[in-house]
Amino acid sequence: MATQNAIPIRAPQPPGEKQRSFGARWKHLELFERGYVPVPLYFFEHYAQLKPFCLTTGEAMFVLHLMQFKWDDSAPFPGYKRIAAQMGISHKMARAHAKSLETKGLLVREMRVSQTNRFDLTPLFDALHKAAAKSKKPSRVSRSAGRKTG
């Protein structure tokens with residue numbers, strides 16, 4: 001009778017620090033040397049469904065570019081030309097995105113003399129927060145749940 005060597009079976013190991021690092025996830029750690037932008041997943045999942053006004057893809061990208069300059073609790077103040085260059089659009093289109101977001105009540109632009117505008121994203125994030133809270137409301141209890149059966 002031939003003997004067979006048993007193959008040891010290992011239980012799955014929890015992911016270690018190495019597997020969760022940026023380098024392990026994205027391969028090129030040097031891409032993160034200049035920094036990264038923390039973006040709530042709720043923004044990605046719901047920008048196109050915000051009520052009463054959703055964001056277009058261009059407006060969402062404009063917001064992401066503004067977020068790149070949000071370093072603290074102050075409103076970011078990048079120039080339109082810089083955002084436009086990064087987005088690959090004209091500075092007039094960048095202004096149009098800002099104006100549209102402002103018209104929708106999701107952005108407040110603070111015009112400054114001889115300086116770039118400040119862009120307050122508070123209304124957008126207030127709207128996201130409100131939508132998130134609304135979607136987390138407990139579901140209604142069915143009428144039969146309170147009835148005694150017997």
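Taken over region 107-132, the residue count meeting the criterion of being surrounded by 12 or more Cβ atoms within 10 Å (Cβ to Cβ), at pLDDT below 90 and assigned to a loop (DSSP other than H, G, I, E, B) is 0. Taking the listed residues Phe77, Phe53, the one that is surrounded by 12 or more Cβ atoms within 10 Å (Cβ to Cβ), over 16 Å from Ala127 (Cβ atoms) and among the aromatic types (Phe, Trp, Tyr) is Phe77, with no other qualifying.
Quick check on Ala11: is it more than 30 Å from Ala131 (Cα to Cα) and either touching an Asp or Glu at 6+ places or on another chain (Cβ under 8 Å) or modelled with pLDDT under 75 (or both)? Yes: the conditions hold for Ala11. Checking the stated criteria, Ser139 turns out not to satisfy the condition of being small (Gly, Ala, Ser), modelled with pLDDT under 95, at positive phi and more than 21 Å from the chain's Cα centre (by Cα).
Yes/no matrix, rows are residues, columns are (1) loosely packed, with under 14 Cβ neighbours inside 10 Å; (2) more than 14 Å from the chain's Cα centre (by Cα):
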residue	(1), (2)
Leu31	yes, yes
Glu45	yes, no
Phe62	no, no
Asp73	yes, yes
Arg95	no, yes
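The residues in region 64-75 that are modelled with pLDDT of 90 or more and under 16 Å from Gly35 (Cα atoms) can be counted, and the count is 8. Checking each residue in region 62-106 for being aromatic (Phe, Trp, Tyr) and assigned to a loop (DSSP other than H, G, I, E, B) picks out Phe69, Trp71, Phe77.
The values are calculated or read from the model by the stated rules, or taken from the named source; none is laboratory data. None of the values given here were measured: they were computed from a predicted structure. Using ideal geometry, Cβ is built from the backbone for each residue, glycine included, and neighbour counts are taken over all protein chains shown.
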